[in-house]
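Presented below is the structure to which this report refers.
The values are calculated or read from the model by the stated rules, or taken from the named source; none is laboratory data. It should be emphasised that the depicted structure is a prediction, and the values quoted were computed from it without experimental measurement. With ideal geometry, Cβ positions are generated from the backbone for all residues, glycine too; neighbour counts draw on all protein chains shown.
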Amino acid sequence: MAVVKETKEKMIRDQLAEDNRILSSDIEIKVSGSKVTLSGMVPSYYEKLSAEEDALATPGVYVVENNIMVTYPEETYVLSDSEIKSSIENMLQWDPRIDSSKITVTVQKGVITMEGSVDAFWKRRVAENTAFSISGIVDVNNKLNVVWTNELKDEKIAESIQNALKKSPLVNSAEIIVEVRNGIVNLRGRVSNLISKRVAADKVAYVEGVKGINNQLVVL
């Protein structure tokens, strides 16, 4: 068991070292079975997300707890909380896909919290990605609720998801189990690589009626 643990740790360390999106070497890795905990410091939120992505791409890793802290270099101009808030609100208002009047943004010490509602799950992602794009952020708490105009039965949602997965050449739908409860989708089964895992989640995100996704697909 120790050999497996050390092997996973080395694989993650190697991936972080080879990823030129990550400039920091101050990232600590702790492996416990199929779970990996990341800690340490990086100079940007983008690097924090990239490190998590690399860890998830490691065979045998199913869960990543990302406790990495974002600490911007002293020479970097960091937007104030009010500037971050204003930037996000403006970007949401300019996006014709989003009804920004139903979204409240607060920022405290670089931590963004988004509350309110959107009328599709993929719009929740759009709003979150907007927050990710702002310089100076430390973390994002996406508390947006998905409120569909027309409520669909879970069986109908599951059927639509399965049809969407079958149409993707990057996903083997026969090895994916789709479960839907109150609009929340659980994906279980296996995929051949991280790209297929992401594609499956993306397909689900655009299906009508979906309120949330738990992507438990295993990369083998």
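For the criterion of being in the same structural domain as GLN15 (by TED's automatic domain parsing), surrounded by fewer than 17 Cβ atoms within 10 Å (Cβ to Cβ), out of contact with any Cys (no Cβ under 8 Å at 6 or more places or on another chain) and not aliphatic (A, V, I, L, M), GLU65 passes. Of the residues examined, VAL118 is one that is under 19 Å from the mean Cα position of the chain (by Cα), at pLDDT 95 or above and crowded, with 16+ Cβ neighbours inside 10 Å. Residue-level analysis places LYS48 outside the set of residues that are within 15 Å of the chain's Cα centre (by Cα) and at pLDDT 95 or above. The numbered conditions (1) touching an Asp or Glu at 6+ places or on another chain (Cβ under 8 Å); (2) at pLDDT below 95; (3) surrounded by 14 or more Cβ atoms within 10 Å (Cβ to Cβ) are all true for VAL185 except (2).
Results for (1) hydroxyl-bearing (Ser, Thr, Tyr); (2) buried (at least 16 other Cβ atoms within 10 Å of the Cβ); (3) farther than 26 Å from GLU65 by Cα; (4) free of Cβ contacts under 8 Å to residues at least 60 places away in the same chain, shown as yes or no for each residue.
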| site | (1), (2), (3), (4) |
| --- | --- |
| ALA127 | no, yes, no, yes |
| ASP139 | no, yes, no, no |
| ASN150 | no, no, yes, yes |
| ASP154 | no, no, yes, yes |
| LYS166 | no, no, yes, yes |
| ARG190 | no, no, no, yes |
| ARG198 | no, yes, no, yes |
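Among the residues making up segment 40-61, a single one is polar (S, T, N, Q) and within 19 Å of ASN141 (Cβ to Cβ): SER44.
Within segment 100-115, the set of residues being hydroxyl-bearing (Ser, Thr, Tyr) and either surrounded by 15 or more Cβ atoms within 10 Å (Cβ to Cβ) or in contact (Cβ under 8 Å) with a residue 24 or more places away in the chain (or both) comprises SER100, THR113. Residues of segment 151-191 being closer than 12 Å to ALA201 by Cα and among the basic types (Lys, Arg), which ones? Correct list: ARG188 only.
Every listed requirement among (1) farther than 30 Å from SER34 by Cα; (2) modelled with pLDDT under 95 is met by VAL64 save one, (1). Please indicate, with yes or no, whether at least one residue in segment 202-220 is free of Cβ contacts under 8 Å to residues at least 40 places away in the same chain and acidic (Asp, Glu). Yes, there is a match, as at least one residue in segment 202-220 is free of Cβ contacts under 8 Å to residues at least 40 places away in the same chain and acidic (Asp, Glu). For segment 71-89, residues that are polar (S, T, N, Q) and surrounded by 12 or more Cβ atoms within 10 Å (Cβ to Cβ) total 3.
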